[in-house]
Amino acid sequence: MLEYTLREHPRARHINVTVRRDGTVWVTKPRRIPVREVERFVEKCGQWIERAQKRFAKLPKTSRIESSKKEHEKYKRAARSLIERRVAHFNAFYKVPVSKIVVRNQRTRWGSCSHKGVLSFNYRIVFLPDHLVDYIVVHELCHRREMNHSKRFWALVAQAIPDHAACRKGLRKLERGLLQNS
């Protein structure tokens, strides 16, 4: 059984699992959800938790990932390599013009797309599960055709990522752990 710290929060609406940089696992639950259901949920997330702990174990033991320029550049290069491979893979299908790929240190965004065809990604994308990386890449590529979140945009996303809604939910749950706790 995986070890974790359980917290009950009065405003929580869902079970939330966070893996911190030190490898500890924190689970927040709404009052109405029984502990047995939390245990099942944590068990379901077991593989993801282990992968996140392994990734964090590889990070330098500093208070922030980007604490030194050298460390930031190290992860930025790894992220760029990953992103470029995934953009090439999915753009073989979408065939949209991309003028440039930029990897940044952003606190609140995983990616963005400009009208000029510049795709920007957060370097922390390298720490995400593969299916979420693919979702973010496809999301930004689709903005090259639809610069909005209309039904047409989501239909484009669904062509490559049929479970995009589940990916979006999963990404929101992870955001607190990777963007805000870093």
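Can you spot the aspartates and glutamates whose alpha carbon is less than 17 Å from Lys151's alpha carbon? Ignore those fewer than 8 places along the same chain.
The reachable aspartates and glutamates, counting only those whose Cα sits under 17 Å from Lys151, are Glu140, Asp163.
Can you tell me the order of 130-140, 113-123, 156-166 when each peptide is scored by its average per-residue count of other Cβ atoms within 10 angstrom, highest first?
Values: 130-140: 20.7, 113-123: 17.7, 156-166: 16.0.
Peptide ranking by packing, descending: 130-140, 113-123, 156-166.
Nearest 5 percent is fine: what portion of the DSSP beta bridges confined to the chain is antiparallel? Kindly include the intermediate steps, with their values, before the conclusion.
On the way: 7 of 16 bridges.
Looking only at bridges with both residues in the chain, the antiparallel portion is about 45 percent.
Taking the convex hull of the Cα atoms, report for the chain its projected area averaged over all directions, in nm². It would help to have the intermediate numbers written out before the result.
Details: hull surface 45.1 nm².
If you wrap the Cα atoms of the chain in a convex hull and average its projections, you get 11.3 nm².
Give Lys74/Lys169; Lys54/Lys74; Lys29/Lys173; Lys116/Lys169; Lys116/Lys173 a once-over and call out the pairs whose C-alpha atoms are over 20 Å from each other. Could you put the intermediate results ahead of the total?
Details: Lys74/Lys169 29 Å; Lys54/Lys74 17 Å; Lys29/Lys173 13 Å; Lys116/Lys169 29 Å; Lys116/Lys173 31 Å.
Those over the limit are Lys74/Lys169; Lys116/Lys169; Lys116/Lys173.
Throughout, read-outs are computed from the coordinates displayed, never taken from laboratory work. No experiment lies behind these values; they were computed from the predicted model shown. Reconstructed Cβ throughout: ideal geometry from the backbone, glycine too, with neighbour counts over all protein chains shown.
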